[in-house]
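*Asks:* Dumping the structure here so I can ask a few things about it.
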Amino acid sequence: MKFKLFGFLCCIYLFSAVIAFSQTARKTVVSISTDKFLINEKLTYAGQIWNGHTIEGLLMNSRMVQGIFDDLNPETVSNWKYPDTKKWDSDRNTDEFVANMPIWKSYGLLSFTINLQGGSPFGYSQGQPWINSPYTSEGELKPEYFKRLEKILDKADEIGMVPIVGLFYFGQDDHLANEKAVVNAVSNAVDWILEKGYTNVLIEVNNECNVRYDHEILQPERVHELIELVKSKQKDGRRLLVSTSYGGGTIPKENVVQASDFMLLHGNGVSDPDEIVKMVEKTRNVASYKPMPILFNEDDHFNFDQPKNNFTAAVSAYASWGYFDYRMKDEGFEEGYQSVPVDWGINSERKKGFFELLKEITGY
């Protein structure tokens, strides 16, 4: 009888272990070989050439930073109400994000930037009275934010996408009490991603490290310390690939280039496509540069119907490109991916222009 009971308990244990493994087994793995991205050990856009330019190994992306957005300030949350329900709904926002991810992927979008502290819902703004942060003042994680993030990362893993997860946004970092809290937030967020077993995530420590951060460790001279912290965190012999970004037109500094696994550039304010090419060239000429992928993950220039634009210029320099769009003055709900509430569909002329050119370039 004891033997039968022991065998029965062993079967239950093994069955539970199989279930647990099936819940955490991941389908999508991102990796880097010199200056190229691979997904599941295969070069992205394998064999694709567009207008004589190699697309293989690039990672086309879009700035979708508001996927887990919420506003914990009761005085400003009414700014984000949906036009149909006249109220804000953070779960609806995430669910509609997830529903559109396969559509984006069908056009060749393999990556998107999602920032844990979002971005300005107005595109650009000086003050940020809203409160959108997944961290307590001491750097602990708020479960409701990470529950929404899990939905997005799970879907990305399922369909073969590579999210660029940003940890901080200027104007929201001041909700962390001090430098220790910032370090705690990085450690806790990275540990969470590793514990969940995600193998398809890239990390952007902070959006535009040279723009208005309160904490010195998030500023250009020291942000490499946080890059190294991310690199030091491991789970089962693996770690997350990591970098950070600078404001539009800025070339990364040597300390960040030295520490990073890939380079993030921003094309905001760069209206001449030739200057996009020069930015890539200057980045490759930084003293500490070694062959690694270069990708723009923010650029608010369009002209997708023109043969020469910032997107095509980046491609000509063998750099990935990221679309940044927000709802401009007096525009409708369908415009912009950074403006809250967000229409996550492809329903505006600008969005259609980007995705059609993306489809042409990537061959999807």
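*Asks:* When all protein chains stay in place, what accessible area (Å², nearest 10, 1.4 Å probe) is found for Thr44?
*Replies:* 10 Å²
*Asks:* Additional query: State the extension gain, in nm to one decimal, for the chain segment bounded by Tyr364 and Gln126, taking 0.36 nm per residue of separation less the distance between their alpha-carbons. Could the numbers behind the result be given before it?
*Replies:* Numbers: separation 238, 0.36 × 238 = 85.68 nm, distance 3.90 nm.
Stretched out fully, the Tyr364 to Gln126 stretch lengthens by 81.8 nm.
*Asks:* Full-extension gain between Glu334 and Lys352, please, as 0.36 nm times their residue separation minus the C-alpha to C-alpha distance. Mind dumping the intermediate values first?
*Replies:* Details: separation 18, 0.36 × 18 = 6.48 nm, distance 1.11 nm.
Extra length available between Glu334 and Lys352 comes to 5.4 nm.
*Asks:* Provide the three semi-axes, in whole Å and in decreasing order, of the ellipsoid equivalent to region 97-171 as defined by the square roots of 5 times the Cα gyration tensor eigenvalues.
*Replies:* Working: eigenvalues 123, 52, 17 Å².
Semi-axes from the Cα gyration tensor: 25, 16, 9 Å.
*Asks:* Another question, if that's okay. Round to the nearest 10 and report in Å² the accessible area of Lys86, as given by a 1.4 Å probe over the protein chains' heavy atoms.
*Replies:* Only protein atoms counted, so the area is about 130 Å².
*Asks:* Given only helices, namely DSSP H runs of n ≥ 4 each adding -39500 (n - 2.57), what is the per-residue ellipticity at 222 nm of the chain, to the nearest 500 deg cm²/dmol? Don't skip to the answer; put the middle values down first.
*Replies:* Working: 9 runs with 123 residues, N = 364.
Rounded to the nearest 500, the figure is -11000 deg cm²/dmol.
*Asks:* Hey, another quick one. What is the Cα radius of gyration of region 168-321 over 2.2 N^0.38 Å, N being its residue count? Numbers along the way, then the final one.
*Replies:* Numbers: Rg = 16.1 Å, N = 154, 2.2 N^0.38 = 14.9 Å.
Taking the Cα Rg and dividing by 2.2 N^0.38 Å, one obtains 1.08.
*Asks:* From the P(r) of the chain, could you give the percentage of C-alpha pairs in the tail past 26 Å?
*Replies:* On the way: 32431 of 66066 pairs.
Taking all Cα-Cα pairs of the chain, the fraction more than 26 Å apart is 49 percent.
*Asks:* Separate question: Calculate the spin-label point distance for Arg222 paired with Lys87, positioning each point 7 Å from the Cα along the beta-carbon direction, and give it in nanometres.
*Replies:* 4.3 nm
*Asks:* Another question, then. Can you compute the charge dipole magnitude of the chain about its Cα centre, using +1 on each Lys and Arg Cβ and -1 on each Asp and Glu Cβ, nothing else charged? Give it in debye, rounded to the nearest 20.
*Replies:* Working: 38 positive and 50 negative charges, 279 e Å.
So the magnitude is around 1340 debye.
*Asks:* Given a 10 angstrom Cα cut-off, can you work out which residue in Glu216, Glu158, Glu75 is the most mobile in a GNM of the chain?
*Replies:* Fluctuation is largest for Glu75.
*Asks:* Starting at the first residue of region 95-100, write each ³J(HN,Hα) from the Karplus equation 6.51 cos²θ - 1.76 cosθ + 1.60 with θ = phi - 60°, in whole Hz, x for Gly and Pro.
*Replies:* 4, 6, 4, 4, 4, 8
*Asks:* Evaluate the relative contact order of region 229-364 (contact order divided by residue number), counting alpha-carbon pairs under 8 angstrom at least 6 apart; express in whole percent. Each step should come with its number before you reach the end.
*Replies:* Numbers: 223 pairs, mean separation 21.9, N = 136.
Value for region 229-364: 16 percent.
*Asks:* Calculate, axis by axis, the spread of Cα positions in region 183-234 along the three principal axes, and write the results as whole Å, longest axis first.
*Replies:* Its Cα atoms span 33, 17, 14 Å along the three principal axes.
*Asks:* Exceeding 23 Å between C-alpha atoms, which entries from my cross-link table qualify? They are Lys27/Lys142; Lys142/Lys180; Lys142/Lys233; Lys147/Lys196; Lys282/Lys352; Lys27/Lys233.
*Replies:* Check vs 23 Å cut-off fails for Lys27/Lys142; Lys282/Lys352.
*Asks:* Give the separation of the Cα centroids, region 302-341 to region 229-263, in Å.
*Replies:* 25 Å
*Asks:* Let me ask something additional. Could you work out how far apart the two model spin labels at Thr136 and Gln258 are, taking each label as a point 7 Å from the Cα in the direction of the beta carbon, and quote it in nm?
*Replies:* Distance between the two pseudo-spin positions: 3.7 nm.
*Asks:* Here's a follow-up. Give me the tail of P(r) for region 22-142 as a percent: Cα-Cα pairs with distance above 17 Å. Don't jump to the answer; show the numbers that get you there.
*Replies:* Working: 5030 of 7260 pairs.
I get 69 percent for the Cα pairs in region 22-142 exceeding 17 Å.
*Asks:* What lysines could a cross-link reach from Lys278, if we take a straight Cα to Cα line under 26 Å and drop same-chain neighbours fewer than 8 places away?
*Replies:* Lys36, Lys253, Lys290, Lys308, Lys359
*Asks:* With both partners inside region 194-304, how many of the DSSP beta bridges are antiparallel, as a percent to the nearest 5? Don't skip to the answer; put the middle values down first.
*Replies:* Values: 1 of 8 bridges.
Beta bridges within region 194-304, antiparallel portion: roughly 10 percent.
*Asks:* Also, I was wondering about something else. Which whole-number value in Å² is the accessible area per residue of region 182-316, probe 1.4 Å? Please report the intermediate quantities before stating the final value.
*Replies:* Working: 4900 Å² over 135 residues.
Roughly 36 Å² per residue, with all protein chains present.
*Asks:* How far apart, in nm, are the 7 Å Cα→Cβ label points at Glu281 and Asn73?
*Replies:* 4.4 nm
The values are calculated or read from the model by the stated rules, or taken from the named source; none is laboratory data. Note that the structure is predicted; figures quoted are calculated from it, not measured. We place every Cβ from the backbone using ideal geometry, glycine too, and count neighbours over all the protein chains shown. Areas reflect the complete protein model, heavy atoms only, side chains present, ligands, DNA and RNA absent. Shrake-Rupley method; radii C 1.70, N 1.55, O 1.52, S 1.80 Å.
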